[in-house]
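Coordinate-derived values only; no laboratory data. The structure presented is a predicted model; accordingly, all values stated were derived computationally and were not measured. Positions of Cβ are backbone-derived with ideal geometry, glycine not excepted, and every protein chain shown enters the neighbour counts.
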Amino acid sequence: MTGGEIAAVGKVGQAVSKKLLAEDEQTRDVLLRLAEGTPEMAAAARSMAARAAVKERVKLKLYEPFARMIGVSKAYFEDTFPLEMATKVANIPEENLETPAASVAVPALQGLSYTFGETSLKEMYLNLLATASDSRRAKQAHPAFAEVIKQLAPDEAELLKDVLAMRNIESARLTSKDESVTWIWLSHLLKLENKDGSPRVEPQIPIWVENWSRLGLFAVNYLLISSSEGDGWVAQRPEFLEVSGEVDGEISFTTGIVRITDFGEQFFMAIS
């Protein structure tokens, strides 16, 4: 029962025997009948009606138009999805809530059906659908964005949101020279920190940066001047110290910038 129902029942609880309380469904019906007419019950009824209305509104606008097109199980979309989406569209005025374009909604719903167990990816899909369902922002929801989310790993998506919010982040490439050959030991070492200021280390970052660049979210640009060991923030990173301990010879680094693109900027707006 809801909080309102429980409060209403509390006013009449003494009128119900312990035997009756042991019978779940029958108890509920009796208690609700006894609570009829109380202010708490009226408030609970309004709350239940509002939730039911929002749930049906979401299903009508966001799911039912595409149910046959996506061809997936209805278990999630019939029950959980309307409630989750209701929180995303709660602040959209009725006159601005619209059925999203199929080019955005269908791939987003398909992706959601396979990843709703992964919180980071699910949030991106839900936010994308909310953006596409708001007539004031619908143009921000590019059809390619669902495909971008589809090509992210869950942990990668978590970090991506943080990096997108930063817009630009310093990066470095670790190298060494062997006669005329330059060896690249680590690409895309990012200047990331934890909340306590300590270095944030993630072994998959070089691969993820390559993926973000491939997807058009970021442009990677390294400067032409190489720095030597001991200079700047790079030499203090655990990754630099690890490579230096494993490689014979001097490790140098080239600094650069991982910069958000216009496409990445709009993606961030659509999934935030």
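Worth a mention:
- Classification of segment 163-248 by its C-alpha gyration tensor yields an oblate form. The axis ratio a/c (a ≥ b ≥ c) is 1.5 or more, and b/c is at least a/b.
- Fully extending the segment from ASP155 to ASP79, taken as 0.36 nm per residue of separation minus the present Cα-Cα distance, adds 24.7 nm.
- Annotation: extensible slack from VAL181 through TYR114 equals 19.5 nm (criterion: 0.36 nm per residue apart, minus Cα-Cα distance).
- Scalar couplings 3J(HN,Hα) for segment 131-147, obtained by applying the Karplus form with A = 6.51, B = -1.76, C = 1.60 to θ = phi - 60°, are 4, 5, 9, 9, 4, 6, 10, 3, 5, 6, 8, 6, x, 6, 5, 5, 5 Hz; x denotes Gly and Pro.
- Between the beta carbons of GLU193 and LEU241, assuming R0 = 25 Å, the FRET efficiency works out to 0.95 to the nearest 0.05.
- Scalar couplings 3J(HN,Hα) for segment 163-173, obtained by applying the Karplus form with A = 6.51, B = -1.76, C = 1.60 to θ = phi - 60°, are 5, 4, 5, 6, 6, 10, 9, 5, 9, 8, 10 Hz; x denotes Gly and Pro.
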